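As structure tokens, the structure follows; a few thoughts come after it.
Please treat every number below as a calculation from the coordinates, not as lab data. Since we're looking at a predicted model, the values are computed, not measured. Cβ coordinates were reconstructed from backbone atoms using ideal geometry, including for glycine residues, and neighbour counts include every protein chain displayed.
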Amino acid sequence: MLKPPELDRLSVVLVSTRNPLNIGAAARAMSNFGFPRLQVVSPYESAFREARSAVGAAAVLASAAQHDSVASAVAHCSLVVGTTAVRTRNLRHPLRRLEDGARLIRGRLRTSRVALLFGSEKFGLSNDDLSHCHWLLRIPTSEENISMNLGQAVAVCLYELIRDSKAPAAAGKTPLAAAAEIERITQMLAEALRESGFLDRRLVGDSAQRIRRLVRRLNLPRQDAVMWLGIFRQIVWSLRHPERQPPPGN
């Protein structure tokens, strides 16, 4: 069973939610299972804090943080997990069933913060939203009706997280870099690729998403993030100032 400090390390992130009642239902499920941190990204209805469906969850709604981007909502997390019904999407991430993913999340919550993302009721998470994720989670539903109501999906995922596990995952010994650090590295790598001309020879519309997914797959330890950021900064500086390079051998 997760302990209160571990419950506090999970952020439920609702992206572009269309119906404020679904935000209220998600908040109610969070309150039911003891998860206090709600992050809301660009909701269609700004008055979501008044949702009548948030029975007993007024505190969760009142303390919910509102963001303009997924990057801002997950900045403090070292693991970002997206949810998807899959359908016919061509996924570029590892996909795990709910019970397997929950076991991994429980292990990570022992040492660091985790974000669990849910997309809009109509479209789910966009490809750009997914590019912020390390891997994806799927609730095994019937093929005849694979899409769940948003509030119900949140409740099912959180229940799986809090129930006892016979074989809990061991906590990682080395803390991983937070999403904000990974995003800085991603941006600096993209800048290095632009300065070097690499992206000019590989014109693809989703290059930013591909670079972001590539960096996240590295699972960089926190202690290495500063070094990698410094390396890419030096590369960019060198590409911009080739006349100031030291002679070979020095």
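Summary of computed values
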| quantity | calculated |
| --- | --- |
| Among Val13, Leu189, Ala71 - extreme Cα towards positive end, dipole of the chain, charges at beta-carbon | Leu189 |
| Residue order, fewest to most beta carbons within 10 Å, for Val236, Val81 | Val236, Val81 |
| Burial ordering of Leu199, Leu130, fewest other beta-carbon atoms within 10 Å first | Leu199, Leu130 |
| Estimated D of the chain in µm² per second, where Rh is the Kirkwood radius over Cα pairs and Stokes-Einstein applies at 25 °C, 0.890 mPa s | 127 |
| Computed helical MRE - 222 nm, the chain, DSSP H runs ≥ 4 contributing -39500 (n - 2.57), nearest 500 | -12500 deg cm²/dmol |
| Estimated vicinal HN-Hα couplings, Hz - the stretch 179-191 in sequence order (Karplus 6.51, -1.76, 1.60; Gly, Pro = x) | 4, 5, 5, 5, 5, 5, 5, 4, 5, 6, 5, 4, 5 |
| Antiparallel %, DSSP beta bridges [both residues in the chain], to 5 | 10 |
| The chain: angle of helix 222-240 to the longest principal axis, Cα-based, in degrees nearest 10 | 40 |
| Sorted by Cβ density within 10 Å, fewest first, the residues Val13, Val156, Val55, Val215 | Val55, Val156, Val215, Val13 |
| Long-range HN-HN contacts of Thr17 with modeled amide H, under 5 Å | Val41, Tyr44 |
